[in-house]
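The structure appears below as structure tokens.
No lab work stands behind these numbers, since they all come straight from the coordinates. All figures in this text were calculated on a predicted structure; none of them were measured in a lab. Every residue, glycine as well, gets a Cβ built from its backbone with ideal geometry; the counts of neighbours run over all protein chains shown.
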Amino acid sequence: MKISNALFRGLTRLQKFASVSGCRRIVCLTVIASMGLAGYRVAADETNAAPRYNAGGHVSLSLINLVLERQILEKQTVSDEIAGARTRAETTTRGRLRAEFIPSNDRAVVDFRMIGELSAPNATATKGSVTVRMTSQTSIDARKRVVITGAGLFPAASQADCNTETEILDVEASRRVMERLGRRRAEKMRPEAQQNTSQQVAERVEAELDKQANDPLTGANQFYADKIRLPLVNAGSFPRDLRLSTTDTHLAIRVLAQKKGQDEAPARMPRLNPQFDIHVCGHQSMVANMSEPLVGGKTFDDKQFLDVMKIMTGTAQRGLWVFDGRDRWNVTFTKQRPIQAVFANGTFRLTYNFQAATCGDDTVQGAIEATALYRPMMSAEGVYLVRESSPMVRYTDGLPDDDARARVLQQLSQRFGAFFQESIHFDGLSPPAGGTYAKLRELKIVELKCEDGWFTIGYELNRPSKVAIQP
């Protein structure tokens with residue numbers, strides 16, 4: 001019985017978005033602004049969401065099991081000693097592995113549960129010269145509990161509850177009197193043998209669950225600690241408050257990305273629809289607040305902006321290409337509010353704020369703003385962005401222009417004109433076409449809003465519609 005390691009594989013796929021070095025920082029923050037995500041799959045129970053939290057949402061148990069649930073079928077030969085008798089059986093284990101959410105208000109609690117049975121249609125038990133032939137059916141209810149908090153994943157030891165029923169088919173011995181005595185003895189010992197069998201099956205199942213689950217869970221926890229949590233903590237960008245919880249049907253998290261002196265969400269989070277399998281919302285304050293420790297005061301060059309676009313969309317326009325003969329360029333973000341977003345009237349405005357720029361031999365110091373206005377749109381393939389107007393790059397410091405400032409402004413206008421594309425499709429962030437995660441393509445987008453400073457997006461699984469049966 002193998003526990004699915006899909007969680008570990010999924011986290012591994014996110015590694016390229018989790019690093020805080022180089023262009024990954026810009027990827028994370030641009031995705032925050034354009035998709036309402038902040039490097040977390042945020043979720044929250046709206047009834048408990050205080051106005052200060054600036055991100056929330058939920059993910060359904062149905063979606064988790066779409067990826068994790070699987071059938072188990074195993075056959076093996078088992079030899080053991082039970083109640084003093086040497087036993088041998090050809091066993092078949094059938095079952096189903098799935099996740100269950102355990103209600104909890106202060107942490108997320110997930111059980112990986114296997115329910116099934118182990119059958120041995122022709123088992124033998126030999127003691128001395130007597131051999132007993134029997135059938136055996138053992139029900140199995142095993143679970144591996146994992147507690148999830150902002151500090152990581154904490155797996156508990158597996159627990160299995162097994163119950164065995166046996167039926168004696170025949171007793172063989174060298175003498176008939178021994179067969180009669182053996183049958184009586186076997187019937188008398190049957191309750192003890194059933195209990196011993198149940199205990200040994202439970203121990204095997206627990207050991208196998210721990211063996212199969214511990215390595216992937218340890219790897220996932222290590223990845224989260226080393227590639228996500230620790231870099232964000234070191235950068236001063238880990239959320240001030242990160243609270244997880246679970247209900248019977250949803251996993252929830254509340255996020256507050258706001259340090260002293262930073263912007264705070266002025267209103268409660270939008271109401272979350274429990275019918276949605278994913279419902280995520282984020283306030284525009286989260287973008288500015290998280291961008292300060294990640295990119296504030298740091299310099300990024302043309303190659304890094306090119307990589308950002310390739311990661312998000314899978315391609316990049318010629319205006320961003322880096323090659324011999326073209327002047328290299330870089331920009332330095334401001335320390336405060338280096339990246340800002342405004343969600344309003346069905347659109348969002350994304351603004352990069354710089355304090356210096358270099359294009360070729362020209363370097364200028366001064367406040368520079370690059371901004372673009374987009375309208376998020378829904379399609380069968382997911383979310384895409386349509387630019388509402390031409391991008392604008394301008395000086396905002398009020399200093400007099402000179403030739404160097406004019407040349408830098410012209411170069412940046414061309415480069416960010418290519419960076420802020422007319423339409424952006426997030427092909428680089430789409431689920432794969434094959435394998436386990438191809439199932440995520442069954443999600444369809446049903447809600448997309450940019451209103452009153454909040455971005456919200458909702459997805460539902462494609463479920464078969466109910467057909468009414470006519471009498």
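What's the FRET efficiency of residue 422 with residue 345 using the Cβ-Cβ distance as r and R₀ = 25 Å, to the nearest 0.05? My answer for the efficiency is 0.80.
Ordered from longest to shortest, the equivalent ellipsoid semi-axes for region 69-222 are 40, 13, 12 Å, each the square root of 5 times a Cα gyration tensor eigenvalue.
Of the listed peptides 294-305, 439-450, what is their order by residue-averaged count of other C-beta atoms within 10 Å, with the highest listed first?
Averaged packing, sorted descending, gives the order 294-305, 439-450.
With R₀ set to 35 Å, the beta-carbon distance separating residue 230 from residue 207 gives a calculated FRET efficiency near 0.65. When the pairs 127/188; 227/449; 259/298; 227/439; 75/211; 260/335 are compared against a 21 Å limit on Cα-Cα distance, 227/449; 227/439 fall above it.
Region 168-185 and region 257-308 have Cα centres spaced 76 Å apart. Between region 99-165 and region 343-364, the alpha-carbon centres lie 57 Å apart.
Each pair of Cα atoms in region 287-348 enters the Kirkwood radius, and Stokes-Einstein at 37 °C and 0.692 mPa s then converts it into a translational diffusion coefficient of 245 µm²/s.
Modelled label positions at residue 335 and residue 317, each set 7 Å beyond Cα in the direction of Cβ, lie 3.4 nm from each other.
A cut-off of 5 Å between modelled amide H atoms, ignoring neighbours fewer than 5 places along the same chain, links residue 253 with 43, 44, 45, 57, 245.
A Förster radius of 45 Å, combined with the Cβ-Cβ distance separating residue 275 from residue 184, puts the computed FRET efficiency at roughly 0.15. Note on residue 176 and residue 135: their simple-model spin labels are 2.8 nm apart, each label 7 Å out from Cα toward Cβ.
Spin-label model, residue 365/residue 386: points 7 Å from Cα along the beta carbon direction are separated by 4.5 nm. Residues in region 97-110 carry Karplus couplings, in order, of 9, 8, 9, 9, 8, 9, x, 7, 8, 10, 6, 8, 10, 10 Hz; the curve used is 6.51 cos²θ - 1.76 cosθ + 1.60 with θ = phi - 60°, and Gly or Pro positions show x.
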